[in-house]
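Structure first, commentary second.
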């Protein structure tokens, strides 16, 4: 009904994309028996379930993120943000990391927020530190880690220290070596809408715009994650118990590939009982900082030349910080 | 992509999220507590799209000069990526993938190590108390299964045929189906299910076979079956 109303009021040939959506829907409905049959294949069925699960799990967090990013743009002036953060970017990094601990949410929520922080004049390094800290060290994640590892309080502490260090070290690296040009201009551009529009309009337009630009990448990330879940892992961990170095490497890669929600990965790590704690800590520190879903989302938001530099940097820093935290705390 | 198209896609996605929380489809993918988040997200998405569409079109329909709806998204990949948001909506509308079941269990390797030894409280009194498979497997692996010794319990799960003995399984999740951890027991003894197809839901009463959760069995305990009945698929297929 809605589709028909809109297309009749804007019946111009240049709105071809609307016709395309309608065609896609019609084709999907016609091909319904075929698609339903495809899901009967075991691997495809599991992949489809995991795909929908990741989307349904992550979309509420993305919506929370775009509402926050809308509110940030509409109601928090750049001047107010500058007053909150220390003048020197080097000092702003740890402040941003601690600010991240207060936002309970998954990775997907923090990407649009970090983008709008940059748009509001926060230094890149501080915004990226926030991006890494928010999903990794918030109270919900720490509590779920403590619940998943009863009798191992050092695991929770090591995760907190390792993730916080990852966020700060990456932020400082970006401040020292990063270039402003690596982040695409559209990420810095402010709200769509003329100056003088009222704040609620800015809020709704920013939230909607960020949702449209990030939602597709979230879905793409979920597709990757589902495909890889079926194609790769399960048997990887079976033969690792004897080799610590190999176990660390494989679990670091697994954290990237599986793209688990940061509130759930502790339970998966806890179930890998055959492995020592150190590689499992690496899994928990790497996962929220860099995974396929997140890299796709970042590439879409900040541009490809950003993602190809930021993701490897984060991966190396996260593995290093996790190992350091684990060794210092004697895991 | 045209703003109207974006709005239609958002409406489609938001309405899909609302719909799967209205029936219990959402429980195939995430834990029950997440349902309200999904519902809220669906409503917000619908509202954002509806407000934008109304602001674009209502003034023009009333004959006033409103905001032109010709605003395109900025260039670059984000112009096309928004298309992907129709994929989950279509998959849910067309196929609504089933909850993970026997296929997911057989693809997951058996555990390599004993479960964490936890001190469990004694079982509740009464004949054949209901236990989740997660709790049963945990108890069987802790303290040599002492808290289960000699007690008949009731377990509900789906059948996973194959191997020396058919297994009864349940998938445990902590956030969504992506972090699934299958929990299984072997069904042994004459009263076990003869030939049920995979994913048949069963309610089993039985006793833990002492010492059956060991390294030799990869810590999959065996249950000496006293009785089995086929039950309908539960609304909530997972354990948490």
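We did not get these values from a lab; they are worked out from the coordinates using the rules stated. Bear in mind that the values here come from a model prediction, so they are computed numbers and not experimental data. Cβ: placed from backbone, ideal geometry, glycine included. Neighbour counts: every protein chain shown.
According to a simple spin-label model (label point 7 Å from Cα along Cα-to-Cβ), what is the distance in nm between residue B:214 and residue A:76?
So the two model labels end up 6.0 nm from each other.
Once both axes come from the Cα atoms, what is the angle between helix B:3-22 and the longest principal axis of chain B, in degrees from 0 to 90, rounded to 10?
Rounded to the nearest ten degrees, it is 30.
With 10 angstrom as the radius, rank B:212, A:163, A:23 by how many other C-beta atoms surround their C-beta, starting from the fewest.
Details: B:212 19, A:163 32, A:23 11.
With the sparsest Cβ surroundings first, the list reads A:23, B:212, A:163.
Let me know the shape class of the protein assembly as shown, please: from the alpha-carbon gyration tensor, a ≥ b ≥ c as square roots of the eigenvalues, rounded when a/c is under 1.5, otherwise prolate if a/b is greater than b/c, or oblate. Walk me through the intermediate numbers first.
Working: a/c = 2.43, a/b = 1.42, b/c = 1.71.
Note, shape of the protein assembly as shown comes out oblate.
Report the gain in length on full extension from residue A:154 to residue A:20: 0.36 nm times residue separation, minus Cα-Cα distance, nm rounded to one decimal.
Details: separation 134, 0.36 × 134 = 48.24 nm, distance 5.43 nm.
Roughly 42.8 nm would be gained on extension.
Rank by packing, highest mean first: peptides A:135-146, A:55-66, with packing defined as the count of other Cβ atoms within 10 Å averaged across residues.
Per-residue Cβ counts within 10 Å, averaged per peptide and sorted highest first, yield A:55-66, A:135-146.
If we sort A:247-253, B:10-16, B:122-128, A:215-221 on the protection proxy, mean other Cβ atoms within 10 Å, highest first, what's the order? The partial results should precede the final answer.
Numbers: A:247-253: 21.1, B:10-16: 22.7, B:122-128: 10.3, A:215-221: 26.4.
Answer by packing, highest mean first, reads A:215-221, B:10-16, A:247-253, B:122-128.
What is the gain in length, in nm to one decimal, between residue B:60 and residue B:117 on full extension, counting 0.36 nm per residue of separation less the C-alpha to C-alpha distance? Spell out each step's value before the answer.
Values: separation 57, 0.36 × 57 = 20.52 nm, distance 6.88 nm.
The residue B:60-residue B:117 span can extend by a further 13.6 nm.
So how do A:243, A:198 line up by other beta-carbon neighbours within 10 Å, fewest first? Numbers along the way, then the final one.
Details: A:243 12, A:198 9.
By the 10 Å Cβ count, ascending, the order reads A:198, A:243.
Just rank A:131, B:62, fewest to most, by other beta-carbon atoms within 10 angstrom. The partial results should precede the final answer.
Details: A:131 31, B:62 8.
By the 10 Å Cβ count, ascending, the order reads B:62, A:131.
When a/c reaches 1.5 or more, the comparison of a/b and b/c decides; with that in mind, is chain A rounded, prolate or oblate per its Cα gyration tensor? List each step's numbers first, then the result.
Values: a/c = 2.25, a/b = 1.18, b/c = 1.91.
Taking the square roots of the gyration eigenvalues as a ≥ b ≥ c, chain A is oblate.
Output the 0 to 90 degree angle, nearest 10, between the alpha-carbon long axis of helix B:35-61 and the longest principal axis computed from the alpha carbons of chain B.
Tilt relative to chain B: about 10 degrees.
Taking the highest mean first, how do the peptides A:313-319, B:213-219 order by number of other beta carbon atoms within 10 angstrom per residue? Kindly include the intermediate steps, with their values, before the conclusion.
Details: A:313-319: 22.4, B:213-219: 15.6.
The most tightly packed comes first, giving A:313-319, B:213-219.
Looking only at other chains, what is the average number of their beta-carbon atoms within 10 angstrom of each beta-carbon in B:39-50?
Across B:39-50, the average partner-chain Cβ count within 10 Å equals 5.
Per-residue Cβ counts within 10 Å, from other chains only, averaged over A:300-307: what number is that?
Working: counts 5, 1, 0, 3, 2, 0, 0, 0.
Counting other chains' Cβ atoms within 10 Å and averaging over A:300-307 gives 1.
Quick check: from the Cα gyration tensor, does segment A:53-185 come out rounded (a/c under 1.5), prolate or oblate? Each step should come with its number before you reach the end.
On the way: a/c = 1.96, a/b = 1.34, b/c = 1.46.
Taking the square roots of the gyration eigenvalues as a ≥ b ≥ c, segment A:53-185 is oblate.
Give the separation of the Cα centroids, segment B:129-201 to segment B:8-57, in Å.
35
For segment A:235-331, what is the Kirkwood estimate of the hydrodynamic radius, computed as the reciprocal of the mean inverse distance between distinct Cα atoms, to one decimal in Å?
Values: mean 1/r = 0.0733 Å⁻¹.
About 13.6 Å for segment A:235-331.
Find the Rg to Rh ratio for chain B, where Rh is the Kirkwood radius over alpha-carbon pairs and Rg uses the same atoms. Working shown, then result.
Working: Rg = 24.8 Å, Rh = 21.0 Å.
Over the Cα atoms of chain B, Rg/Rh equals 1.18.
So what is the 222 nm mean residue ellipticity for the protein assembly as shown from helices alone, if each DSSP H run of at least 4 adds -39500 (n - 2.57) and you divide by all residues, rounding to the nearest 500 deg cm²/dmol?
Details: 23 runs with 327 residues, N = 571.
So the calculated ellipticity at 222 nm is -18500 deg cm²/dmol.
Shielding by partners for B:178-184, please: the mean number of other protein chain Cβ atoms within 10 Å of each residue's Cβ. Numbers along the way, then the final one.
Working: counts 18, 15, 6, 4, 1, 0, 0.
Per-residue shielding by partner chains comes out at 6.
Mind checking which of B:220, B:105, B:58 has the largest fluctuation in a GNM of chain B, springs on alpha carbons under 10 Å?
Of B:220, B:105, B:58, the most mobile in the Gaussian network model is B:58.
Please find, in a Gaussian network model of chain B (springs between Cα atoms separated by less than 10 Å), the residue of B:137, B:94, B:207 whose mean-square fluctuation is greatest.
It is B:94.
Among DSSP beta bridges whose residues both lie in chain B, state the antiparallel percentage, nearest 5. Don't jump to the answer; show the numbers that get you there.
Working: 25 of 30 bridges.
Around 85 percent antiparallel, to the nearest 5.
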